[in-house]
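Here the structure is laid out as structure tokens; the discussion comes afterwards.
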Amino acid sequence: ITSNLVGRNDDGSYIKEFEASHGTVTDLWLDHLAGKETSLNPLGLVEALLGAMSHAARLELDEKPNDKNVQEMHAFVDNFQSTLRTALHNTFRYGQGTRDMCGPTGFTTEDFIAKVAWRLNRYLAQQVEEQAPPELKEGDLAVPKEKLAEFDQKAILKLFEKYDKDGSGKIDFKEFSKMLMKMGV
């Protein structure tokens, strides 16, 4: 269980506090210190940490909305916490939870964390391309004004709108092909 406490600062900004509600954490921590094997379900704790990370990044972005570095860090934190949450939840969904959730066949705390880390690293690796895709830009065709006068602009616009089915102001290849076939080209 995770508790989320929400309030407002004097300046009107949100204050959020995230806490995990685990009743047996102290006992498990003492067992861990004594060298005993433990199996703690860290879901509430991790959810609280993810909420705090996301909120901290949002606070900084709200404070400096035009700062490119802050925007990039917010996007990074948002992606990381979202991906970690997916990895954590999927580990449970695939029946690979801790013993307190899955019974005697479940993982120890350390094994569960290793499994989530393995899954998180896989998910993050899938998001990375070896090289960034090229940025595609098409410049407007430079048609001299005297040439434009030779063509009926209203007729061109009417033809264009007929084949711009989605109203995006662009004609994709399929739409372009249909237009050329209709024209007999």
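Structure notes:
- Exactly one residue out of 79, 66 is in a loop (DSSP other than H, G, I, E, B) and under 30 Å from residue 8 (Cβ atoms), and it is 66.
- Count - residues of the stretch 58-91 that are hydrophobic (A, V, I, L, M, F, W, C) and more than 30 Å from residue 108 (Cβ to Cβ): 6
- Restricting attention to the stretch 89-132 and to residues that are of a type in the set (A, V, I, L, M) and surrounded by 18 or more Cβ atoms within 10 Å (Cβ to Cβ), the residue that is nearest to residue 45 (Cα to Cα) turns out to be 116.
- Residue 40 being within 30 Å of residue 109 (Cα to Cα), surrounded by 13 or more Cβ atoms within 10 Å (Cβ to Cβ) and under 17 Å from the mean Cα position of the chain (by Cα): no
- Condition met for residue 66 (over 20 Å from residue 16 (Cα atoms), open to solvent by less than 40 Å² (accessible area, probe 1.4 Å) and without any contact (Cβ under 8 Å) to a residue 40 or more places away in the chain): no
- Of the candidates 27, 10, the single residue that is more than 26 Å from the chain's Cα centre (by Cα), assigned to a loop (DSSP other than H, G, I, E, B) and of a type in the set (D, E, K, R) is 10.
The values are calculated or read from the model by the stated rules, or taken from the named source; none is laboratory data. Since we're looking at a predicted model, the values are computed, not measured. Positions of Cβ are generated from backbone atoms using ideal geometry, with glycine treated the same way; all protein chains shown enter the neighbour counts. Accessible surface is based on the protein model in full, side chains and every heavy atom, while ligands, DNA and RNA are left aside. Shrake-Rupley method; radii C 1.70, N 1.55, O 1.52, S 1.80 Å.
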